[in-house]
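Okay, structure first, notes after.
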Amino acid sequence: MISFMDDCAHAEPTAEAQRMADERRAAVRRVFMLTLGLNAAVALAKAGYGYLSGSLTLGTDSLHSILDASSNVLALFGLRWAAVPADARHPYGRQKIEILAALGIGVLIVGGLFEFGAAAIHSLIDRHPPPRIGVAGFAVVVATMAVNLWVARYERRKATELSSALLSADARHTQSDLYASLAVVASFVAARAGVGWADGVATLLLIILIGHAAWDVFRENIPILIDVAMLDPASVTAFARPLAREGSIHRVRSRGVRGAVELDLHLEVAPDMSVADAHSLARQIAGDLKVKFPEVSDVIIHIEPKSSREPTTGAQTTSDRGKSKPPTA
């Protein structure tokens, strides 16, 4: 088996993939910068009025907005690190730093939920008076709901334009804030009616909703640390098979992080194909794969004669790793 880790991928597809990746990464970064500012403003507004009015519900809901803002920060952080080329000390890049940061934020959010949960239970047991909610409270909540709705729709539209799974996921997360805000409005109405226990009950409900969002952070990121497959092998095979001419594709594997996926596969070629021709074919397939799957940052293609899949002595190795900066979503 001759293993070609395409060191100088097919010039035209690779140049096109790099240009598309740079433009796409810049566009996605602009979206996240805008939504980060809006989410931060929403979090501050909720936390500020929650503190002034004594509303545990609004204070808890501010954690949801903080989680949104932190997701934007992590996305920007991931885009930055994904663009840094691998080196001798970090041969697979530094993208998993983003995963560790996400897990750290998840732990902090869970800690905050425990604090608000304890406060809510104490308010119910001690029968604290309802928070002081004025017209400004409703204005804050309605305004933040409008911002969240706009951000979710904007991110969803940009996700479609840029084919960004990262933006699409963030749009779904932001939209989930609307349900939490409805619980806040209901608690405000009850508080204005003098129902003292409504604030504590609504806070516990929000803790469940935000706890689910925090759980999603762990559920989505922990598998990446143990190298879960990031691409569907059938989809990769279906795309690459026609490119292999008379050859065949098998043993497709992937790992990495969203927006910086490492892909490797085996390519069988005719036994009489020259090394130069096999290498050229591998470079072309690697470049086309990067165009088709923009989240792929590294492609390793193992070439073997069609008559046998057993390794041969004296395997040659070249690599596509390190030639181009990884395109990210």
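The values are calculated or read from the model by the stated rules, or taken from the named source; none is laboratory data. Since we're looking at a predicted model, the values are computed, not measured. Methodologically, a virtual Cβ is constructed for each residue, glycine included, from the backbone with ideal geometry; neighbour enumeration extends over all protein chains shown.
Go through segment 129-154 and report how many residues are touching a Phe, Trp or Tyr at 6+ places or on another chain (Cβ under 9 Å) and of a type outside the set (Gly, Ala, Ser).
Matching residues across segment 129-154 total 6.
Restricting attention to segment 25-48, does a residue exist that is assigned to a helix (DSSP H, G or I), farther than 30 Å from Pro131 by Cβ and modelled with pLDDT under 80?
Yes: segment 25-48 contains one or more residues that are assigned to a helix (DSSP H, G or I), farther than 30 Å from Pro131 by Cβ and modelled with pLDDT under 80.
Just to be sure I understand, how many residues within segment 285-311 are of a type in the set (D, E, K, R), under 30 Å from Leu162 (Cα atoms) and part of a strand (DSSP E or B)?
Selection size over segment 285-311: 1.
Is there a residue in segment 220-240 that is farther than 22 Å from Thr35 by Cβ, among the polar types (S, T, N, Q) and either out of contact with any Ser or Thr (no Cβ under 6 Å at 6 or more places or on another chain) or at pLDDT 85 or above (or both)?
Yes; the residues of segment 220-240 include at least one that is farther than 22 Å from Thr35 by Cβ, among the polar types (S, T, N, Q) and either out of contact with any Ser or Thr (no Cβ under 6 Å at 6 or more places or on another chain) or at pLDDT 85 or above (or both).
What residue, of Val141, Val151, Val110, is in contact with a helix residue (DSSP H, G or I) (Cβ under 9 Å, 6 or more places away or on another chain), closer than 28 Å to Ile222 by Cβ and at pLDDT 85 or above?
Step by step, each of Val141, Val151, Val110 is checked, and only Val151 is in contact with a helix residue (DSSP H, G or I) (Cβ under 9 Å, 6 or more places away or on another chain), closer than 28 Å to Ile222 by Cβ and at pLDDT 85 or above.
Can you name the residue in segment 111-122 that is within 14 Å of Gly59 (Cα to Cα) and in contact (Cβ under 8 Å) with a residue 40 or more places away in the chain and, of all such residues, is surrounded by the fewest Cβ atoms within 10 Å (Cβ to Cβ)?
Here the answer is Ala119.
Restricting to segment 104-119, name every residue that is more than 18 Å from Gly48 (Cα to Cα) and more than 28 Å from the chain's Cα centre (by Cα).
Gly117, Ala118
Given (1) without any contact (Cβ under 8 Å) to a residue 60 or more places away in the chain; (2) part of a helix (DSSP H, G or I); (3) surrounded by 19 or more Cβ atoms within 10 Å (Cβ to Cβ); (4) out of contact with any helix residue (DSSP H, G or I) (no Cβ under 9 Å at 6 or more places or on another chain), identify the lone condition not met by Ala282.
Condition (1) is where Ala282 drops out.
Search segment 208-261 for residues being part of a strand (DSSP E or B) and touching a helix residue (DSSP H, G or I) at 6+ places or on another chain (Cβ under 6 Å), and hand back the single one that is surrounded by the most Cβ atoms within 10 Å (Cβ to Cβ).
Ala260
Sort through Val252, Val257 and tell me the only one that's closer than 30 Å to Gly112 by Cβ and in the same structural domain as Ile300 (by TED's automatic domain parsing).
Answer to the check: Val257.
Counting just the residues of segment 123-150 that are of a type in the set (D, E, K, R) and touching a residue at least 60 places away in the same chain (Cβ under 8 Å), which one comes out nearest to His173 (Cα to Cα)?
Residue satisfying both the conditions and the ranking: Arg132.
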